[in-house]
Amino acid sequence: MVSLTIDQDNGTFHIQNADGNDAITICEGYFACDQLDSTTLIIITRIAVAPQDHEQLYDILSYIGKVFIESYTNKVFLRLPSTFDGQIDMNVLNFNEKVPSLMTVKKIDLKFVNDDMVPYGHEKYALISDKHIALNHSEELLTLMNVEAYWANSWTGTQMRNRIESASAIAVILDRTTNLACGFGRLFMVKENGDEEISTFGYLSDICVQSNYQRQGLGRMIVNSLIGAYLSSTINLKETDASLTLLCTNRGSGGAGVASQLYQKFGFEFINLIKNAVAVFGYAKALEPFGICDLKTLCFMSDRDVNPINALQGYKTLCSFPSRISNVFEKAFFQLKIDRETTTLSTDPTDNEQSSSSSEDEEIV
């Protein structure tokens, strides 16, 4: 029997094999929760499992993901020690199928331009990383995210300001002509608090550019700025493991390969394609990769099948109304009365009036 203990104050956790009085620690590490983005980043610093022990490794990763999702957030990203890089047979482990849009890159493979403003000119756009200045543009940023980012269409002004303040780093693009914000992105990080060596794990999110400003390299400026912030925050530290990750959208104007091409220019690759090159893993509630974070905003209908059960795993059931889908259609759509014998429309005015009256009484919203 194993148990996971979380020290929220120090941002640490450990898993023990609790057999009587001889408890043995089999896994430990650091974590940081970004409650606003419903994301937890985890660095596993020690794990008493060999890379080739796929069954036990899968059980531990799944257990960690399940506990943190139930306790804190909808998404969990884990970084194993770099000694696991290239050592796990992902075809056997088959873990990252849970989050197919996950992309990652190791620090040594990052492609960063020291001054990315040069190709586009300082005179047209301003790149802002100061949170106090960004907060002055929070209303513009809220409008930008509500309109352009499908995952942020219900954000409030308070949520926008909190996302700016809680980030490890932010990047805002201002149009100098109008002095209005036209792009945004944020970085969230977790660090191992070691004395001599340190591990870091970062997550890029909320990267968005206003539609009429796209195709001008502004998305590249945002990503480059966030990468620069990540690198500068660890410049004086001796790192053993360092990597970045993100979820690549497949919806909106940034979908259809546009966003992935941008991230690949900086060294990011889909974790499913690079297999075991980087030991980063993602665990999310089933609907999270599709941008559905709050079931209160979701309304759906399905025939009898296991798909709704699979899609809603990890969520608590609020209510359920079983019904044959044919009954739903019968109530939801107006149907002309048909003479079953002749299969022709009834010409009886009374019938038509009755049908018309029925449809008005049963208004479906």
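Just so it is clear, none of the values below were taken in a lab; they were calculated from the coordinates. Note that the structure is predicted; figures quoted are calculated from it, not measured. Virtual Cβ from ideal backbone geometry, glycine too; neighbours counted across all protein chains shown.
Under 5 Å between amide hydrogens, built in the peptide plane, is the criterion, and for ILE26 it picks out ILE15, GLN16, ASN17 among residues at least 5 positions away or on other chains.
Once fully extended, how much extra length lies between THR143 and ASP7, figured as 0.36 nm per residue of separation less the alpha-carbon to alpha-carbon distance?
Result: 45.2 nm gained on full extension.
Model label points for ALA277 and LYS124, set 7 angstrom from Cα along the Cα-to-Cβ axis, are 3.2 nm apart. Net length available on complete extension from THR178 to SER232 is 16.4 nm, with 0.36 nm assigned per residue and the Cα-Cα distance removed. Here the Karplus curve 6.51 cos²θ - 1.76 cosθ + 1.60, taken at θ = phi - 60°, turns the phi angles of the range 139-147 into couplings of 5, 5, 5, 4, 4, 4, 5, 4, 8 Hz, with x standing for Gly and Pro. Less than 5 angstrom separates the built amide H of VAL278 from those of GLY86, all sequence-distant by 5 or more or on a different chain. Nearest 0.05, what FRET efficiency do HIS132 and ASN153 give at R0 = 30 Å with Cβ-Cβ as r? So, using R0 = 30 Å, E works out to roughly 0.65. When each of the peptides 1-9, 37-45 is scored by how many other beta carbons lie within 10 Å of its residues on average, the order from highest to lowest is 37-45, 1-9.
Using a cut-off of 28 Å between Cα atoms, the listed pairs LYS111/LYS191; LYS75/LYS124; LYS75/LYS106 include LYS75/LYS124 as exceeding that distance.
Here the spin labels are modelled as points 7 Å beyond Cα on the Cα-Cβ line, and at GLN35 and ALA48 they lie 3.4 nm apart. The alpha carbon gyration tensor of the range 1-106 gives principal lengths a ≥ b ≥ c with a/c of 1.5 or higher and a/b no greater than b/c, which makes the shape oblate. Here the range 2-84 is assigned +1 on the Cβ of each Lys and Arg and -1 on the Cβ of each Asp and Glu. Its dipole about the Cα centre then comes out at about 240 debye.
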